[in-house]
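Inspection log for the structure reproduced underneath, given as structure tokens.
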Amino acid sequence: MPVDAATLERIALSRDEYERLVGMLDREPNELELGMAAALWSEHCGYKHTRPLFRHFPTTGPRVLTEAGAENAGAIDLGDGWCAVFKMESHNHPSAIEPYEGAATGVGGILRDIFAMGMRPVALLDSLRFGPLDDARNRHLFSGVVAGIGGYGNCVGVPTVGGEVQFDPAYGGNPLVNAMCLGVGRVEHLLSASARGPGNPLVLVGADTGRDGIHGATFASVELDEASEERRPAVQVGNPFMEKLLLEACVELAEQHGEWIEGLQDLGAAGLTSSSVEAAARAGTGIDIDVSRVPRREAGMTPDEVMLSESQERMLVIPKREHLDDVLALFRRWELHADVVGEVTDDGYATIRDGDNIAGRIPIGVLTDPPQYELETERPPDLDARQAEDLAALPDCEDPTGDLLALLGSQNIASRRWIYRQYDHEVLTGTVVPPGGDAALIWLKGTDRALAVATDCNGRLVELEPRTGAACAVAEAARNVVAVGATPVAVTDCLNFGNPERPYIAYQIEQSILGLADACRTFGTPVVSGNASLYNETPAGAVLPTPTVGMLGVLDDVERRLTPAIGVGDEVLLLGAPLAQPAGALAGSEYLASRHGRVAGAPAIDLDFEARVQRLVLDANERGLLTAAHDLADGGLAVALAECCLAGDTGLDAGAADIGDRLDGALFGEAQSRFVVAVRDPAARAALEALAAETGVEVVALGTAGGDRLRLGPVDASVGALREAYEGGLPRALGAG
């Protein structure tokens, strides 16, 4: 008989979706079949509201080695037989309930996505969002998430090298925890997550299976509310030491014995269900699994509990029949459980047995064909008024030095040292530009190359104008990569939004995807992997629309790397725009939000001009003209120069600079497409100015580095005062209340 409403609500399946499933099967599903379908049809696994929009993304290019969405992560050709794989995933809802384990298992899951492709993980990044730290609950979530990231990554031995964190009331109670991982290896060692070869065994490797994480995929596809604490069992518990064994065993298998296997897949959302079914779908095969052969750590587990468990540190391996014993021996040598739990079939079905009994049998094509919904969009009615707000009517800043110190100590700009000092960012000895700058830089050992990685998104800009704000997220991520000397080559994303069934949220999603696509096409950075996390809401409302961008860049000569650190005697210049800026440059800025309590204005970006400015910085660096570079983002020019002074432990005299009539716009405006750069001598400055003239990019001389004070127009502050404000911001915020 049909299931009741309470059951459908528990598994996040609508009545219409249930009827669709019945129609596809031509019968009622049993409990196991229903659970498997609900998991794979969930928003988290099935992308019901976003997949139709992915067609807008550019996904191909001369470096791209994988089809977007076809494997666990995207792969990029680095030349000379090397490749990089990378991806970003969300673990938002689990982190809201159990911040330490939610964040830790998010790290574990993204690591497995990388070594499931046979690549060695070499860098982790995390993009985080929380409510303001003056709230005790937000401080608890923030501290727990940071500890979970460090606790897992440090134990596994993969450096956490970068990321970003922002605070806004809209994230209160629903933090965003997005984890990104980068792996490298030889192209010939790339593995596929395909269950090829009927008759080949299915081998489950790693931890025993328990009840943790059951219905985790469906939990990630609903809004948080007062009852969400009851979903604690949907949060997994990790074991990073076992993950380390899995990592080393899988990398050894790929690098030394790839011919032994047909496929390798991690067990993430929906556990054994998604790993086996998706692997079969990729190969056009079927699977036959006997749950009685799955090692368990809890007694009395039902077939649906075994198939839907999201217990961590597990991999599904598809060996060739003739190499089964070799594969089992390899994993057991690493002291890992490895058990045959089924085999690949040629019938296109997922057949689940419990000993001699068939517990469920359902076509692979049904499970991997979730409903796809066309978004019903409506532009939020307040956007036009917010964009049209006359920011010039606001009073100009009266204490520029005090405002700069306040911004440097604010939660959204202050040093992140309190966070990254908890992470081992030097393990594996490949980190050449550590956390704290624009992008992290990882040396590709055995070559002269390095890989730059950065994550970015300003949710306020996306809220004000989703298409433009999302394009700005790509642009800022690219600028961060360019600022260390690397050429942007590819993107991963994590699309964090509220309930897509609400027209205003649907508008944000659709327009943001279009904006990401606009920018990626302009910069030649295809989207090779990603994730969508929807239903990020609490009873208080939705999170800011946060389409987080993870950017990968390549630097051919690691000795050409740049940092924000200016040196005594350097000439410091502004590239990309005049020094004077109107009040409109404050649109969506940190200054406007913190000083005036407003999120207003019209964000703007000229993508073609942005690309020219970035190309200018890269060309100048390739010619050896630059000694430092830093992009302008949160806090504008004054904050960027303060960060350059702090990085180089020197002052800067730009007191004579003509910053125009509007102090706040010039000092703290966040107009796009701008860099601060430094050159060593007048000859380099002249060469840079000539190169800029050829590309139509403005260059403004600011001053010379030296002394112990930052002077910029009316701003006059000691480097010591800057450092005290900047370094003490987060510790002070965490001591509040």
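The values are calculated or read from the model by the stated rules, or taken from the named source; none is laboratory data. Computed from a prediction, not measured in an experiment: that's the story for all the values here. Backbone-built Cβ (ideal geometry, glycine too); neighbour counts: all protein chains shown. Accessible surface areas use protein heavy atoms only, side chains included; no ligands, DNA or RNA. Shrake-Rupley method; radii C 1.70, N 1.55, O 1.52, S 1.80 Å.
If R0 is 30 Å, what FRET efficiency do you get for Ala6 and Arg732 from their C-beta distance, rounded to 0.05? Once rounded, the FRET efficiency stands at 0.05.
Gain on full extension, evaluated as 0.36 nm per residue between Asp396 and Asp16 minus their Cα-Cα distance, stands at 131.2 nm. If R0 is 51 Å, the Cβ-Cβ spacing of Ala136 and Arg321 corresponds to a FRET efficiency of close to 0.35. Peptides 394-406, 135-147 ranked from most to least packed, by the mean per-residue count of other Cβ atoms within 10 Å: 135-147, 394-406.
The distance from the alpha carbon centre of the stretch 430-491 to that of the stretch 51-116 is 16 Å, rounded to a whole number. Remark: the stretch 562-737 carries a charge dipole of roughly 280 debye about the Cα centre, counting +1 on each Lys and Arg Cβ and -1 on each Asp and Glu Cβ. Computed over the alpha-carbon pairs of the stretch 562-737, the distance histogram in 5 Å steps reads 1, 9, 17, 20, 20, 16, 10, 4, 1, 0, 0 percent, short to long. Computed from point charges on the beta carbon alone (+1 for Lys and Arg, -1 for Asp and Glu), the dipole magnitude for the stretch 522-641 about its Cα centre is near 300 Debye.
Taken along its three principal axes, the alpha carbon spread of the stretch 281-348 comes to 34, 34, 18 Å, from the longest extent down to the shortest. Couplings for the stretch 657-664, taken from phi via the Karplus curve 6.51 cos²θ - 1.76 cosθ + 1.60 with θ = phi - 60°, read 5, 8, 9, x, 8, 9, 5, 5 Hz in order; Gly and Pro are left as x.
Taking +1 at the Cβ of each Lys and Arg and -1 at the Cβ of each Asp and Glu, which of Tyr507, Ala717, Gly81 sits farthest along the dipole of the chain towards its positive end, judged by Cα position relative to the Cα centre? Selected residue: Gly81.
The mean accessible area for residues of the chain, using a 1.4 Å probe and ignoring ligands and nucleic acids, is 33 Å² per residue. 3J(HN,Hα) along the stretch 499-504: 6, x, 7, 8, x, 5 Hz, from the Karplus curve 6.51 cos²θ - 1.76 cosθ + 1.60 with θ = phi - 60°, whole Hz, x for Gly and Pro. Here the dipole of the chain is about 940 debye; that uses its Cα centre as origin and unit charges on the Cβ of Lys and Arg (positive) and Asp and Glu (negative).
A straight chain from Asp681 to Arg598 at 0.36 nm per residue would run longer than the Cα-Cα distance by 25.6 nm. Ranking Val165, Leu534, Gln422 by how far each Cα lies toward the positive end of the dipole of the chain (charges on Cβ) leaves Gln422 at the top.
Residues whose amide H comes within less than 5 Å of that of Gly360, counting only those at least five positions distant or on another chain, are Ile352 (H built at 1.01 Å from N in the peptide plane). Taking amide H positions as modeled 1.01 Å from N, with prolines and chain starts lacking one, the residues under 5 Å from Glu698 and 5 or more places away or on another chain are Gly576, Ala577.
The apolar share of the surface of the chain, taken as the fraction of accessible area on carbon and sulfur atoms (1.4 Å probe, ligands and nucleic acids excluded), comes to 48 percent. Measure nothing but the geometry: give the 0 to 90° angle between the long axis through the Cα atoms of 240-257 and the longest principal axis through the Cα atoms of the chain, rounded to 10°. Its long axis makes an angle of about 80 degrees. For the stretch 361-489, pairs of C-alpha atoms spaced more than 20 angstrom apart make up 69 percent of the total. When DSSP beta bridges are restricted to pairs lying wholly in the chain, around 80% turn out antiparallel.
Just to confirm the number: angle between the C-alpha axis of helix 636-648 and the first principal axis of the chain, 0 to 90 degrees, nearest 10? That helix lies at roughly 90 degrees to the long axis.
The structure shown yields Cα extents along the principal axes in Å, and of the options (1) 107, 60, 42; (2) 85, 54, 44; (3) 117, 108, 69 that calculated value carries the label (2). Angle of helix 607-622 to the longest C-alpha principal axis of the chain, folded into 0 to 90 degrees and rounded to 10: 80°. Among DSSP beta bridges lying fully in the stretch 31-183, give the percent that are antiparallel, nearest 5. Bridges in the stretch 31-183 are about 75 percent antiparallel. Among Ala684, Ile11, Trp260, flag the residue with its Cα farthest along the positive direction of the charge dipole of the chain, charges on Cβ as +1 for Lys/Arg and -1 for Asp/Glu. Of Ala684, Ile11, Trp260, it is Ala684.
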